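J.: Please find one structure pasted underneath; my questions will follow.
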């Protein structure tokens, strides 16, 4: 009997470990954009759906200047896809991504801006960074983006961005699979294109991060929840069979 109890205990430990694999530690700074299915433009709508099921997911990631977020990353060999959700302190924050640099507002960097009333009144703008005024909206709007803020000030951002649009004049990225590139992200709710909150990015340098582009698709496994249920089922069958033997004897 003890042998079977030990087996069940081991199975439960394995199940708990597999479930915990979905959570990334808070100090996460290096992201992986795994190979996944393409997302149509009309599904970049500020709503997280099944289109993100094959993405690499990161939870409880610290974001600058404060707070934590959940992020999704993937690419289909042609486009990079990023989604982000976090709790803001107003209904009118902005969110900024910077690509290809570890220095905030580098003059050689490409960018994406969401919710800034000065630069993207329609919600999203493909931008680049320079010395004056700091942000310039590209004439050639490469990619698609969306921001959605619900009644509780919970923010959802989605982005579809070409890995290589050929737009060299406006600092557009030219990223290759199998390589890693610099990435910065930041948000603001206290003026400068946002309003109603108390969060300011001024004087706060964002954390340098990287995005690695995986060459091969990540193998698809059953969800950890289903695996957990299956393992519990196996343990129950073993225990039931053992008790039946005990009763018969």
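The values are calculated or read from the model by the stated rules, or taken from the named source; none is laboratory data. The structure displayed is predicted, hence computed values, not measured ones. Because the Cβ atoms are built from the backbone with ideal geometry, glycine has one as well, and the counts that use them run over all protein chains shown.
J.: Checking the condition surrounded by fewer than 19 Cβ atoms within 10 Å (Cβ to Cβ) and assigned to a strand (DSSP E or B), which residue from 155, 136, 127 passes?
T.: 136
J.: Which of the following residues is buried (at least 16 other Cβ atoms within 10 Å of the Cβ), modelled with pLDDT of 95 or more and at positive phi: 193, 178, 182?
T.: On the way: 178 fails: buried (at least 16 other Cβ atoms within 10 Å of the Cβ); 182 fails: at positive phi.
Of 193, 178, 182, the one residue that is buried (at least 16 other Cβ atoms within 10 Å of the Cβ), modelled with pLDDT of 95 or more and at positive phi is 193.
For (1) more than 17 Å from residue 138 (Cβ to Cβ); (2) surrounded by 21 or more Cβ atoms within 10 Å (Cβ to Cβ); (3) touching a helix residue (DSSP H, G or I) at 6+ places or on another chain (Cβ under 9 Å), each residue gets a yes or a no:
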| site | (1), (2), (3) |
| --- | --- |
| 29 | yes, no, no |
| 69 | yes, no, no |
| 72 | yes, yes, yes |
| 84 | yes, yes, no |
| 90 | yes, no, no |
| 98 | no, yes, no |
| 106 | no, no, no |
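J.: Please count how many residues of the range 44-67 are without any contact (Cβ under 8 Å) to a residue 60 or more places away in the chain and either touching a helix residue (DSSP H, G or I) at 6+ places or on another chain (Cβ under 6 Å) or under 16 Å from residue 124 (Cβ atoms) (or both).
T.: Number of matching residues: 1.
J.: Is it the case, given these coordinates, that residue 111 is closer than 27 Å to residue 171 by Cα, surrounded by fewer than 16 Cβ atoms within 10 Å (Cβ to Cβ) and either in contact (Cβ under 8 Å) with a residue 24 or more places away in the chain or out of contact with any helix residue (DSSP H, G or I) (no Cβ under 6 Å at 6 or more places or on another chain) (or both)?
T.: It is false that residue 111 is closer than 27 Å to residue 171 by Cα, surrounded by fewer than 16 Cβ atoms within 10 Å (Cβ to Cβ) and either in contact (Cβ under 8 Å) with a residue 24 or more places away in the chain or out of contact with any helix residue (DSSP H, G or I) (no Cβ under 6 Å at 6 or more places or on another chain) (or both).
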